[in-house]
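Down below is the structure, laid out as structure tokens.
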Amino acid sequence: MILNNMLISILIVFITIHSINSVIRTIDDCQLLIVGGTTSALGALLSASKLIDTRVCLLEPTDWVGGQLTAELLSVPDFAWHKIKDKDNFTLPVASIDRQQENLNPLFSKIINVLGNTGKCSVSPNCSIPSLFHSQAVLPEVNNTRIFYNTVIKRVAKDGSGRRIIQVDAIQRTPRQTEERCRFLSEELPDWYSKDDSPWFTKIELSFTNFQFVMEGTSWGEVLALSNASYLVGLMEQFDGDTSGIGNPLCGQSITFDFLQQLMETPVEEPPNPLPEPTGSGNYTFQYVSSEYV
């Protein structure tokens, strides 16, 4: 009787462990694993897809690849606009040279040919509507790769030497409903990174193994942080062509979006909208002041 009870207990434990492991899907045939949904991750995907074929995998945290390039209100490639003169007053019209077909990036030219050119952009003579850019130009270029949408990484495992990543665990979510929802970012992100189902998503755990290369393409450097890897931070130039090595931390491109953040002495619950008026700062406009001042 005792033996039978022990066998039943062992069987229950085995069934429980099997049921837990059964919800973890293992992917072991990615040669290159690109983690992140930034524009740099898209660039890596486009390049690698030409070389490695179907063994390239991208973990995209949203339902839309391309990062800022494809998600902005209007995709605007930056073009040169200036003229260069030497001491003999020889003029080189950089703007017109930059726009000549033979000097355009081949992929960009192909995209413009597919979409047409909506024009009327602030910094570019060529621009396109994001939804068309994504569906008609980007996706056909990467249709021989695997994109895991709505997927964020949770853990990174290294080998015994501590110098090589051998496993990346991730969480993939599926929306329960298609209608738009309005939640704070502080509510949305913890949901993304939790393996538990929520009223908004069902989840599945993914475990990527047996890959040869991992590429960091996240917005927050998650692969670097989770693997405790050493890294270098790029230094922003003081101006185009600056090679002094001094850099300027205030020099950069225009801000895509801003947000209000309030520092509290102790953790507190998210306040309801509207958020309290900011204190100790002020409201600025880019119309009259420089980016360095802001």
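Any read-out appearing in this document is the output of simple, stated calculations on the displayed coordinates, not a laboratory observation. Model, not experiment: these values are computed from the prediction. Note: ideal-geometry Cβ built from the backbone for every residue, glycine included; neighbour counts use all protein chains shown.
Overview of values
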{"item": "Pairwise label distance in nanometres, L185 with E269, each label 7 Å out on the Cα-Cβ vector", "result": "2.3"}
{"item": "Inter-label distance, nm, simple model (7 Å from Cα along the C-beta direction), A157/N105", "result": "3.7"}
{"item": "Computed label-point distance, nm, for sites S244 and N210 using a 7 Å Cα→Cβ extension", "result": "5.4"}
{"item": "Relative exposure of C57, C182, judged by other C-beta atoms within 10 Å (fewest first)", "result": "C182, C57"}
{"item": "Footprinting exposure proxy for V152, V23 (fewest neighbouring C-beta atoms within 10 Å first)", "result": "V23, V152"}
{"item": "Stretch gain in nm, segment W200-R176, where the contour uses 0.36 nm per residue and the Cα spacing is subtracted", "result": "8.1 nm"}
{"item": "Theoretical gain in end-to-end length, Q31 to S135 [0.36 nm per residue, Cα-Cα removed]", "result": "34.9 nm"}
